[in-house]
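Novice: Take a look at this one; I'll ask things after.
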Amino acid sequence: MNILDEIIAHKYKEVAERRELYPVKLLEKSLYFDTPCLSLERYLLRPDKSGIIAEIKRRSPSKGDINPYVSVERTSIGYMQAGASALSILTDLNYFGGKNEDLVTARKFNFCPILRKDFTVDEYQIVEAKSIGADAILLIAAALEPARLKALASFARSLGLEVLLEVHNKQELDETLNEFVTIVGVNNRNLKTFKTDVNLSFELANYIPAGITKISESGLSKVETLVELQQAGYNGFLIGETFMNDSRPKRAAAAFIKELRQVQELKQQVL
Ligand SMILES: O=P(O)(O)OC[C@@H](O)[C@@H](O)c1c[nH]c2ccccc12
């Protein structure tokens with residue numbers, strides 16, 4: 001079994017347990033349930049923002065521990081002060097060391113769109129995402145049948161959440177893109193093999209229909225790559241490890257975004 005299949009199998013079990021412990025009726029009582037979501041898409045398209053979705057990721061199956069004791073409060077605030085457009089919070093405990101409370105913490109201290117990064121396979125998790133204050137959820141093409149993915153996307157939208165559809169090849173894109181998806185992310189990391197190659201974003205760029213907000217995900221460590229991806233039509237960039245590898249992710253994000261702005265200004269002058 002590859003790692004993605006293993007994670008998904010575990011997720012179904014986890015969802016069954018959580019549903020018993022925290023029934024939907026209880027989740028719906030959360031104060032966030034009636035709070036309107038902020039649009040990730042709109043924030044990514046704002047010209048004053050970097051387009052970076054900065055991620056909090058304590059560990060991963062491919063890297064092991066990255067930054068296990070990170071302060072979500074300080075890091076999320078620091079990311080936004082550094083100029084990130086939005087936050088991505090991993091809430092999967094078993095493989096990524098995250099938890100729902102991390103997202104609640106980020107929500108409490110920031111006014112910005114928050115992506116709930118998890119392996120969503122069931123409507124229950126979408127209700128949960130809304131109840132903890134998320135603005136958008138991730139749906140992974142490699143993990144879901146196209147019809148199932150569409151049903152989940154439709155349900156998410158009915159609760160006001162935006163959907164980021166994650167793809168890793170053209171076939172996935174063609175099979176799973178549907179009218180409920182406004183944002184597509186190309187994951188440069190193959191979740192089955194962990195191989196990361198940024199060229200994938202360049203290869204798939206032109207296949208993503210116009211009008212869809214495009215994000216490049218994973219393995220982004222150079223400012224120059226972001227500028228090239230922008231030229232290829234990408235509006236957003238999901239960055240985790242490049243920041244989390246630093247003992248102070250906030251500092252790494254601030255330095256990176258400062259450099260990005262400098263390079264962008266230089267490009268503008270040349271044009
Ligand atoms: O840390 P990186 O290489 O910058 O990658 C961030 C993000 O793209 C990655 O964490 C990710 C992309 N898709 C996922 C799906 C599940 C868990 C994690 C992910």
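Laboratory data are not the source of any read-out in this text; all were calculated from the coordinates shown. Given the structure is predicted, the values throughout are model-derived calculations rather than measurements. Please note: Cβ atoms are built from the backbone with ideal geometry, for glycine as well, and neighbour counts cover all protein chains shown.
Novice: Rank-order 247-254, 40-47 by packing density, defined as the average count of other C-beta atoms within 10 Å over each peptide's residues, highest first.
Specialist: Numbers: 247-254: 19.1, 40-47: 16.4.
Sorting 247-254, 40-47 by mean packing, highest first, produces 247-254, 40-47.
Novice: Dipole magnitude of region 3-270 about its Cα centre, charges +1 at Lys/Arg Cβ and -1 at Asp/Glu Cβ only, in debye to the nearest 20?
Specialist: Working: 35 positive and 36 negative charges, 145 e Å.
That gives region 3-270 a dipole magnitude of about 700 debye.
Novice: Related question: With each run of n ≥ 4 DSSP H residues scored as -39500 (n - 2.57), what mean residue ellipticity at 222 nm is computed for the chain after dividing by its residue count and rounding to the nearest 500 deg cm²/dmol? List each step's numbers first, then the result.
Specialist: Working: 13 runs with 124 residues, N = 271.
Roughly -13000 deg cm²/dmol at 222 nm, from the helical runs in the chain.
Novice: Counting only Cα atoms, I'd like the Rg/Rh figure for the chain, Kirkwood definition for Rh.
Specialist: Taking Rg over the Kirkwood Rh, I get 0.94.
Novice: Short version: ³J(HN,Hα) in whole Hz for each residue of region 7-21, in order, from phi by Karplus 6.51 cos²θ - 1.76 cosθ + 1.60 (θ = phi - 60°), x for Gly and Pro, what are they?
Specialist: 4, 5, 4, 5, 5, 4, 5, 4, 4, 4, 5, 5, 4, 5, 6
Novice: Using alpha-carbon pairs under 8 Å, 6+ residues apart, how would you state the relative contact order of the chain in percent? Kindly include the intermediate steps, with their values, before the conclusion.
Specialist: On the way: 513 pairs, mean separation 53.0, N = 271.
Worked out over the chain, it gives 20 percent.
Novice: If you don't mind, there's one more thing I want to ask. Provide the net charge surrounding ILE137, with neighbours chosen by a C-beta distance below 12 Å and charges set as Lys +1, Arg +1, Asp -1, Glu -1.
Specialist: Values: positive: ARG116, LYS117, LYS130, ARG157; negative: ASP118, ASP122, GLU123, GLU128, ASP135, GLU162, GLU166.
Value of the local net charge: -3.
Novice: If R0 is 35 Å, what FRET efficiency do you get for ALA151 and LYS63 from their C-beta distance, rounded to 0.05? Mind showing how you got there, number by number?
Specialist: Values: r = 33 Å, r/R0 = 0.94.
That pair, ALA151 with LYS63, gives E of 0.60.
Novice: Now a separate question. Apply the Karplus parameterisation 6.51 cos²θ - 1.76 cosθ + 1.60, with θ equal to phi minus 60°, to every residue of region 77-90 and state each ³J(HN,Hα) to the nearest whole Hz, in sequence, with x for glycine and proline.
Specialist: 5, x, 4, 6, 5, 6, x, 5, 7, 6, 10, 10, 10, 6
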